[in-house]
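*Asks:* The structure that follows is given in the form of structure tokens.
The values are calculated or read from the model by the stated rules, or taken from the named source; none is laboratory data. This one's a predicted model, so the numbers in the text were calculated from it and none came from an experiment. Methodologically, a virtual Cβ is constructed for each residue, glycine included, from the backbone with ideal geometry; neighbour enumeration extends over all protein chains shown. Just the protein is used for accessible areas: all its heavy atoms, side chains included, with ligands, DNA and RNA removed. Shrake-Rupley method; radii C 1.70, N 1.55, O 1.52, S 1.80 Å.
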Amino acid sequence: MISIRAALKRDADVLPEVERSSGAVFREYPGLEWIADDDVQSADQHRALISQGIALVAEEPSAGTVGFLNGEFTQDGLHIWQIAVRLDWQGQGIGQRLIAAAREIAVERGAKALTLTTFRDVPWNEPYYQRQGFRTLAEGSITSRLREILERERQAGMPIERRCTMMMQL
Ligand SMILES: CC(C)(COP(=O)(O)OP(=O)(O)OC[C@H]1O[C@@H](n2cnc3c(N)ncnc32)[C@H](O)[C@@H]1OP(=O)(O)O)[C@@H](O)C(=O)NCCC(=O)NCCS
């Protein structure tokens with residue numbers, strides 16, 4: 001039985017490992033295998049989002065923390081920085097529940113949208129978010145804040161032609 005709850009500072013230390021495990025799903029994906037070994041959010045970054053942003057964890061009684069979602073409120077709405085589910089727990093609807101819980105918080109706080117950046121075409125990224133109710137923003141609809149995020153991703157070495165910005169209107 002999996003529960004979703006607000007993350008606490010004491011959760012931060014295990015979350016980098018959850019993200020590392022989640023990224024292994026990219027190991028077999030042509031051209032993006034390197035994501036599996038890419039940097040993950042540090043425990044300090046998690047602590048900052050737990051205190052200043054929004055942070056949720058998915059917990060299973062015997063396995064412990066199996067997933068998380070974190071983000072921040074911006075002028076565009078709630079921006080999701082990361083969502084990750086341990087490899088051995090993927091495909092069981094945990095990601096969907098984390099997104100639904102974030103959506104609920106965003107609605108309660110009066111945000112007008114959920115936003116994120118992700119990889120185009122990867123089955124568990126752009127098409128998955130589209131099935132959850134996000135739409136991919138066309139070039140002319142990308143807000144200046146989302147454009148800045150893409151630019152930072154480009155500077156960090158991301159293949160920017162494979163990235164897209166997405167929004168779910170609330
Ligand atoms: C994205 C992620 C959090 C989803 O978590 P999850 O608990 O597996 O999500 P769900 O069980 O709700 O759904 C998984 C979806 O991915 C799809 N999927 C997962 N693995 C897949 C694979 N190897 N091939 C094809 N589709 C796959 C499933 O079809 C399913 O979509 P559907 O329910 O609409 O059919 C998880 O895949 C993950 O941690 N990925 C690595 C990190 C990542 O990409 N984070 C997002 C950054 S923007």
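*Asks:* May I ask you to verify whether Ala111 is under 21 Å from Leu146 (Cβ atoms), buried (at least 17 other Cβ atoms within 10 Å of the Cβ) and over 15 Å from the mean Cα position of the chain (by Cα)?
*Replies:* yes
*Asks:* Let me ask another. For residues in the range 46-77 being among the polar types (S, T, N, Q) and within 30 Å of Lys112 (Cα to Cα), which is nearest to the ligand (Cβ to nearest atom)? If you could, list the steps in order and put the result at the bottom.
*Replies:* The initial filter retains those residues of the range 46-77 that are among the polar types (S, T, N, Q), namely 51-52, 62, 65, 70, 74-75.
When the remaining residues are screened for being within 30 Å of Lys112 (Cα to Cα), the result is 51-52, 65, 70, 74-75.
Values: Ser51: 22, Gln52: 20, Thr65: 13, Asn70: 11, Thr74: 16, Gln75: 21 Å.
It comes out as Asn70.
*Asks:* Only one of these conditions is not met by Ala43: (1) farther than 18 Å from Ile80 by Cβ; (2) away from the ligand (no atom under 15 Å from the Cβ); (3) open to solvent by 30 Å² or more (accessible area, probe 1.4 Å); (4) not polar (S, T, N, Q). Which number is it?
*Replies:* Looking at each condition in turn, Ala43 falls short on (3).
*Asks:* So, of the residues in the range 55-95 that are outside any strand (DSSP E or B) and under 12 Å from Glu19 (Cβ atoms), which turns out to be least open to solvent (accessible area, probe 1.4 Å)?
*Replies:* Taking the candidates together, the pick is Arg86.
*Asks:* Output the residue which, of all residues in the range 96-108 that are open to solvent by less than 90 Å² (accessible area, probe 1.4 Å), within 12 Å of the chain's Cα centre (by Cα) and not β-branched (Val, Ile, Thr), is farthest from the ligand (Cβ to nearest atom).
*Replies:* The selected residue is Ala102.
*Asks:* One residue is enough: does the range 2-11 have a residue meeting the conditions part of a helix (DSSP H, G or I) and within 14 Å of the chain's Cα centre (by Cα)?
*Replies:* The answer is no, given that none of the residues of the range 2-11 is part of a helix (DSSP H, G or I) and within 14 Å of the chain's Cα centre (by Cα).
*Asks:* Being in contact with a strand residue (DSSP E or B) (Cβ under 9 Å, 6 or more places away or on another chain), farther than 22 Å from Arg20 by Cβ and part of a loop (DSSP other than H, G, I, E, B) is the requirement here; does Ala111 meet it?
*Replies:* Values: in contact with a strand residue (DSSP E or B) (Cβ under 9 Å, 6 or more places away or on another chain): yes; farther than 22 Å from Arg20 by Cβ: yes; part of a loop (DSSP other than H, G, I, E, B): yes.
Spelling it out, Ala111 is indeed in contact with a strand residue (DSSP E or B) (Cβ under 9 Å, 6 or more places away or on another chain), farther than 22 Å from Arg20 by Cβ and part of a loop (DSSP other than H, G, I, E, B).
*Asks:* When you scan the range 123-140, do you find a residue that is more than 28 Å from Ile2 (Cβ to Cβ), touching a residue at least 60 places away in the same chain (Cβ under 8 Å) and over 17 Å from the mean Cα position of the chain (by Cα), even just one?
*Replies:* Scanning the range 123-140 turns up no residue that is more than 28 Å from Ile2 (Cβ to Cβ), touching a residue at least 60 places away in the same chain (Cβ under 8 Å) and over 17 Å from the mean Cα position of the chain (by Cα).
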